[in-house]
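Shown next, in structure tokens, is the structure this report addresses.
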Amino acid sequence: MPTRKSAARNLKKSKKRYKQNKALRSELKTKDKKFNALLKEKKLDEAKTYLKTLIIKLDRAASKKIIHKNKASRKKSRLTKKLTSLNSGSTV
């Protein structure tokens, strides 16, 4: 238990931020799974539009330092590569 008022306020803020960050990380995982499901079902047009929203979410999470910027970049690259490989018909 914190002894100072400022420490108590900081603890409260820290808990709030933790919940928000955890929710956003969870949302990213869910969106990633949904995108992969769309690819599996061969719904490429829907997957293409869904990828745009997913990229926006990844960029926002990286800018707020919820995930590392390189991780966001890596995820965007891999997801785009998956979509284009299915779109062209080749297996990479």
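The values are calculated or read from the model by the stated rules, or taken from the named source; none is laboratory data. Bear in mind that the values here come from a model prediction, so they are computed numbers and not experimental data. So basically every Cβ, Gly included, is an ideal-geometry build from the backbone, and we count neighbours across all protein chains shown.
Within region 13-26, is there a residue that is assigned to a helix (DSSP H, G or I), more than 17 Å from the chain's Cα centre (by Cα), among the hydroxyl-bearing types (Ser, Thr, Tyr) and at pLDDT 95 or above?
Yes, region 13-26 has at least one match.
Within region 9-36, which residues are touching a helix residue (DSSP H, G or I) at 6+ places or on another chain (Cβ under 9 Å) and under 30 Å from residue 86 (Cα atoms)?
The first filter runs over region 9-36 and keeps only residues touching a helix residue (DSSP H, G or I) at 6+ places or on another chain (Cβ under 9 Å), leaving 21, 24-25, 27-28, 31-32, 34-36.
Hits for region 9-36 are 24, 25, 27, 28, 31, 32, 34, 35, 36.
Quickly run through region 76-92 and pick out the residues that are among the hydrophobic types (A, V, I, L, M, F, W, C), at pLDDT below 90 and under 11 Å from residue 47 (Cβ atoms).
If we filter region 76-92 for residues that are among the hydrophobic types (A, V, I, L, M, F, W, C), which is where we start, we get 79, 83, 86, 92.
From what is left, the residues that are at pLDDT below 90 are 86, 92.
Across region 76-92, the qualifying residue is only 86.
Looking at residue 62 and the list (1) under 21 Å from residue 18 (Cα atoms); (2) in contact (Cβ under 8 Å) with a residue 24 or more places away in the chain; (3) among the aliphatic types (A, V, I, L, M), which single condition is not satisfied?
Exception for residue 62: condition (2).
Counting just the residues of region 58-92 that are surrounded by 14 or more Cβ atoms within 10 Å (Cβ to Cβ) and small (Gly, Ala, Ser), which one comes out nearest to residue 39 (Cα to Cα)?
Residue satisfying both the conditions and the ranking: 72.
For region 4-27, check the following and say yes or no: at least one residue is touching a residue at least 24 places away in the same chain (Cβ under 8 Å), surrounded by 11 or more Cβ atoms within 10 Å (Cβ to Cβ) and charged (D, E, K, R). Break it down stepwise before answering.
Quick first cut of region 4-27, residues touching a residue at least 24 places away in the same chain (Cβ under 8 Å) only: 21, 24-25, 27.
Now narrow it down to the ones that are surrounded by 11 or more Cβ atoms within 10 Å (Cβ to Cβ): 21, 24-25, 27.
Filter once more, so that each one left must be charged (D, E, K, R): 25, 27.
For region 4-27, residues touching a residue at least 24 places away in the same chain (Cβ under 8 Å), surrounded by 11 or more Cβ atoms within 10 Å (Cβ to Cβ) and charged (D, E, K, R): present.
Looking at (1) touching a helix residue (DSSP H, G or I) at 6+ places or on another chain (Cβ under 7 Å); (2) within 30 Å of residue 89 (Cα to Cα); (3) touching a residue at least 40 places away in the same chain (Cβ under 8 Å), find the lone condition where residue 67 falls short.
Of the numbered conditions (1) touching a helix residue (DSSP H, G or I) at 6+ places or on another chain (Cβ under 7 Å); (2) within 30 Å of residue 89 (Cα to Cα); (3) touching a residue at least 40 places away in the same chain (Cβ under 8 Å), the odd one out for residue 67 is (2).
Could you grab me the full set of residues in region 37-57 that are surrounded by 11 or more Cβ atoms within 10 Å (Cβ to Cβ) and within 13 Å of the chain's Cα centre (by Cα)?
50, 51, 53, 54, 55, 57
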